[in-house]
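Just below is one structure, and these are the notes that go with it.
The values are calculated or read from the model by the stated rules, or taken from the named source; none is laboratory data. As the structure is a prediction and not an experimental result, all values here were calculated from the model. Neighbour counts are summed over all protein chains in view; Cβ atoms, including those assigned to glycine, are modelled from backbone coordinates with ideal geometry. When the accessible area is computed, the model is the full protein with side chains, heavy atoms only, and any ligands, DNA or RNA have been set aside. Shrake-Rupley method; radii C 1.70, N 1.55, O 1.52, S 1.80 Å.
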Amino acid sequence: MQGEQLSAIQKYNQSSGVYNEIIKIGDYPKGKYILQIVVGNKKYGEKVIKK
């Protein structure tokens with residue numbers, strides 16, 4: 001897969017819990033994007049489609 005990083009949000013030393021983050025993609029063109037979340041040494045990925 002090819003691409004480039006468009007945005008990064010870094011948060012450190014947060015206590016355990018549930019968090020919400022709004023990622024504004026209004027200026028991005030329509031298409032497919034990969035959202036990658038890293039927690040500690042674990043990585044999670046999700047495909048996002050902007051129509």
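Taken over the Cα atoms of the chain, the convex hull encloses 111 Å³ per residue.
Pairs of lysine in the chain with Cα under 12 Å and at least 8 positions apart or on different chains: total?
Taking the Cα cut-off of 12 Å, the pair count is 6.
Toward the positive end of the charge dipole of the chain, with +1 on the Cβ of Lys and Arg and -1 on the Cβ of Asp and Glu, the farthest Cα among 22, 34, 8 is that of 34. The residues of the chain expose on average 108 square angstrom of accessible surface per residue, using a 1.4 Å probe on protein heavy atoms. Sequence-ordered 3J(HN,Hα) estimates for segment 4-12 from the Karplus curve with 6.51, -1.76 and 1.60 and θ = phi - 60° stand at 9, 6, 9, 7, 8, 10, 10, 10, 10 Hz, glycine and proline given as x. Basic side chains Lys and Arg get +1 at the Cβ, acidic Asp and Glu get -1 at the Cβ, and with that the dipole of the chain about its Cα centre reaches some 200 debye.
The share of accessible area on segment 1-46 that comes from carbon and sulfur is 49 percent, using a 1.4 angstrom probe. Given a 1.4 Å probe and the protein chains as shown, residue 16 ends up with an accessible area of around 120 Å².
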